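Peer 1: Just dropping this structure here.
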Amino acid sequence: MSIPLAAAAIWAAIRGADAYFKSRGERLVTCPENRQRVLVEVDAVHAAASALRGARQFRLAECTRWPEKRDCGQECLSQIERAPTECLVRNILAGWYAGKECVFCRKSFDALQWHDHRPALLVGEGRILAWKELEPERIPELLAEAQAVCWNCHVAESFRLRHPELVVDRDFQGSAPKARAS
């Protein structure tokens with residue numbers, strides 16, 4: 001293989017991989033038809049393949065309005081093309097946590113763990129929601145009322161809520177343990 005051909009192949013692979021990784025992830029957009037928030041996912045493989053042909057093109061792989069509206073014109077893609085990173089759910093959540101502290105332990109959120117140890121949200125009357133429990137279309141409303149909870153406190157407080165009879169709080173001064181009133 002000649003050096004120019006190898007360089008072109010490497011450049012194409014980098015361009016395709018870049019388009020693929022930038023196109024991945026769930027996004028919140030406003031459906032142009034009903035003006036409601038919907039969760040969509042871009043077809044990252046198609047975006048990568050189109051980038052190799054010269055210009056990255058988006059098309060949807062998933063939408064919360066499917067299968068009923070599967071044949072829509074996908075006009076919502078213009079929102080993703082204008083602001084591809086701003087509508088990513090993980091970026092919306094990361095932006096919300098930035099500069100916040102855990103409501104329980106006051107630990108600050110410096111860097112979020114995306115694959116494990118994700119933080120949670122305290123909403124309403126003391127209900128703790130893990131990210132997998134969030135309804136994506138409701139994320140903006142939830143974030144407006146929620147408080148941040150770190151992973152450690154999420155685990156501890158979720159256990160406390162589910163099994164209050166098994167929890168004993170200890171005074172830091174070394175006095176006898178006492179049961180926490182729920």
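Peer 1: Show the residue pairs meeting these rules: Cβ distance below 7 Å; 6+ apart or different chains; first residue within the stretch 68-86 and under 13 Å from Gln57 (Cα atoms); second residue assigned to a loop (DSSP other than H, G, I, E, B) and charged (D, E, K, R).
Peer 2: Close Cβ pairs satisfying both conditions: Gln74/Arg59.
Peer 1: Just to verify a result, which residue in the stretch 1-60, among those that are part of a helix (DSSP H, G or I) and at pLDDT 85 or above, is nearest to the chain's Cα centre (by Cα)?
Peer 2: Filtering first and then ranking leaves Ala44.
Peer 1: I need the full set of residues from the stretch 74-90 which are open to solvent by less than 70 Å² (accessible area, probe 1.4 Å) and either of a type in the set (D, E, K, R) or at positive phi (or both), in order please.
Peer 2: Gln74
Peer 1: Restricting to the stretch 118-131, what's the tally of residues that are free of Cβ contacts under 8 Å to residues at least 12 places away in the same chain and not in a strand (DSSP E or B)? Spell out how you get there, then give the answer.
Peer 2: Looking only at the stretch 118-131, we keep the residues that are free of Cβ contacts under 8 Å to residues at least 12 places away in the same chain, and these are 125, 127.
The next check asks that each one be not in a strand (DSSP E or B); those that pass are 125.
So the count comes out to 1.
Peer 1: Among the candidates Leu93, Leu112, single out the residue that is assigned to a loop (DSSP other than H, G, I, E, B), surrounded by 12 or more Cβ atoms within 10 Å (Cβ to Cβ) and among the aliphatic types (A, V, I, L, M).
Peer 2: It is Leu112.
Peer 1: Same structure again: Let me confirm something: among Gly99, Gly16, which residue is open to solvent by less than 50 Å² (accessible area, probe 1.4 Å) and not hydroxyl-bearing (Ser, Thr, Tyr)?
Peer 2: Of Gly99, Gly16, the one residue that is open to solvent by less than 50 Å² (accessible area, probe 1.4 Å) and not hydroxyl-bearing (Ser, Thr, Tyr) is Gly16.
Peer 1: Please count how many residues of the stretch 50-73 are open to solvent by less than 40 Å² (accessible area, probe 1.4 Å) and over 16 Å from Gly25 (Cβ atoms).
Peer 2: Going through the stretch 50-73 one residue at a time, the tally reaches 3.
Peer 1: Name the pairs whose Cβ atoms lie under 8 Å apart, with the first residue in the stretch 97-117 and without any contact (Cβ under 8 Å) to a residue 40 or more places away in the chain, the second among the charged types (D, E, K, R) and open to solvent by less than 80 Å² (accessible area, probe 1.4 Å), and 6 or more positions between them or separate chains?
Peer 2: Ser108/Lys100
The values are calculated or read from the model by the stated rules, or taken from the named source; none is laboratory data. No experiment lies behind these values; they were computed from the predicted model shown. All Cβ positions, glycine included, derive from the backbone under ideal geometry; neighbour counts span all protein chains shown. Just so you know, the surface numbers come from the protein's heavy atoms only, side chains and all, with ligands and any DNA or RNA stripped out. Shrake-Rupley method; radii C 1.70, N 1.55, O 1.52, S 1.80 Å.
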